[in-house]
1. What pairs can you find where one residue is in segment 118-138 and within 15 Å of Leu153 (Cα to Cα), the other is part of a loop (DSSP other than H, G, I, E, B) and hydroxyl-bearing (Ser, Thr, Tyr), and their Cβ atoms are less than 7 Å apart, with a gap of 6+ or different chains?
2. So which of Ser87, Ser129 ends up being closer than 19 Å to Ala176 by Cα, of a type in the set (Gly, Ala, Ser) and out of contact with any Pro (no Cβ under 8 Å at 6 or more places or on another chain)?
3. How many residues, within segment 239-260, are surrounded by 14 or more Cβ atoms within 10 Å (Cβ to Cβ) and either in contact (Cβ under 8 Å) with a residue 60 or more places away in the chain or in contact with a helix residue (DSSP H, G or I) (Cβ under 8 Å, 6 or more places away or on another chain) (or both)?
4. Show the residue pairs that are 6+ apart or on different chains and have beta-carbon atoms under 9 Å apart, the first residue being within segment 40-53 and closer than 14 Å to Val18 by Cβ, the second being of a type outside the set (S, T, N, Q) and part of a helix (DSSP H, G or I).
5. Which is modelled with pLDDT of 95 or more and farther than 13 Å from Ala115 by Cα, of Ala55, Ala8?
6. Can you name the condition, by its number, that Arg126 falls short on among (1) exposed (fewer than 14 other Cβ atoms within 10 Å of the Cβ); (2) modelled with pLDDT of 95 or more; (3) not hydrophobic (A, V, I, L, M, F, W, C); (4) not in a helix (DSSP H, G or I)?
7. Inside segment 114-123, can you point out the residues that are in contact with a helix residue (DSSP H, G or I) (Cβ under 8 Å, 6 or more places away or on another chain) and either surrounded by 24 or more Cβ atoms within 10 Å (Cβ to Cβ) or aliphatic (A, V, I, L, M) (or both)?
Amino acid sequence: MVSNGERAVLARASDAGVVTLTLDRPEKRNAIDATLLTALADALEHAAIDADVRAVVLTGAGGAFCAGGDIGGFDQLRDGRTYRHASHRLSDLIESVERLEKPVVAAVGGVAMGAGLALALACDWRIGSPRTRILLREGQIGLIPTHGGLTRLVKHHGLARAKEILLGGDDLDADAARSAGLLSELCARDEDLLPAAHDRAHRMLARAPLSFGAAKRLLHLAADVDQRSAMVAESLAQTHLLQSADHQEGLAAAREHRAPVFTGA
């Protein structure tokens, strides 16, 4: 278990390098408070620097994924400086998922809303099950999606689709979330969710580690910069990858008609 003294994130045993991180505040539908934020940040930091961790599956305990920020602390955020400080910490946590140069798969069992949806959208792949629900309820308490929640909707889906999702007034069940593109895939049964997430993570690991990390970072860069700048970044990354041992292994495996054995070097 990873936490700073209280239950917050359970780190399950590695499955051939794929580690499951479980948000563990089921009594609050895994809403993010200071303890959970710190514990998850620590767990993701460990995943980033531990060579034995090849991929991460992120999920929630007790039938929910994550209900966003803990509304019990909202009264403390009326001072703008306090809010901006807390907001920066949560936004940085979510962005760290995008910076992690390893596969991150969200197993979205149950409710995802607010910062929980932003967290799921930051993952590389999102899998839902029949009980998945995407709730867009910020407007009902006079707020808007933050921590990149609104911005990622536009980047992922375009303005028109993002307006339909956010402003249409509908909660989304699993099928609707898949149709809207908020989920990458659906499994048929709730109990299949974690096995499906691990299966997807292992499929993603077929790409050489350095190649995966570069592709992930470049995709996010391409969403933010002009085409010419993105192409320069592609060329620089490719120059580095051409010198890697994994590239030589990939070429040798292709010539020898066998599966490559990558080392991340």
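The values are calculated or read from the model by the stated rules, or taken from the named source; none is laboratory data. In this text the structure is predicted, and so the values were computed from the model without any measurement. For neighbour counting, all protein chains shown are included, and Cβ atoms are generated from backbone atoms with ideal geometry for every residue, glycine included.
1. Pairs that qualify, where the first residue is within 15 Å of Leu153 (Cα to Cα) and the partner is part of a loop (DSSP other than H, G, I, E, B) and hydroxyl-bearing (Ser, Thr, Tyr), are Trp125/Ser184; Arg126/Ser184.
2. Numbers: Ser87 fails: closer than 19 Å to Ala176 by Cα.
Sole residue among the options that is closer than 19 Å to Ala176 by Cα, of a type in the set (Gly, Ala, Ser) and out of contact with any Pro (no Cβ under 8 Å at 6 or more places or on another chain): Ser129.
3. 5
4. Going by the 9 Å Cβ cut-off, the qualifying pairs are Val53/His46; Val53/Ala47.
5. The conditions single out Ala55.
6. Result: Arg126 passes all but (1).
7. Step one: of segment 114-123, the residues in contact with a helix residue (DSSP H, G or I) (Cβ under 8 Å, 6 or more places away or on another chain) are 114-115, 117-119, 121-123.
Selection gives Gly114, Ala115, Leu117, Ala118, Leu119, Leu121, Ala122.
This table checks each residue for (1) surrounded by fewer than 21 Cβ atoms within 10 Å (Cβ to Cβ); (2) among the small types (Gly, Ala, Ser); (3) closer than 30 Å to Leu236 by Cβ.
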| residue | (1), (2), (3) |
| --- | --- |
| Gly139 | yes, yes, no |
| Ala160 | yes, yes, no |
| Asp175 | yes, no, no |
| His202 | yes, no, yes |
| Arg207 | yes, no, yes |
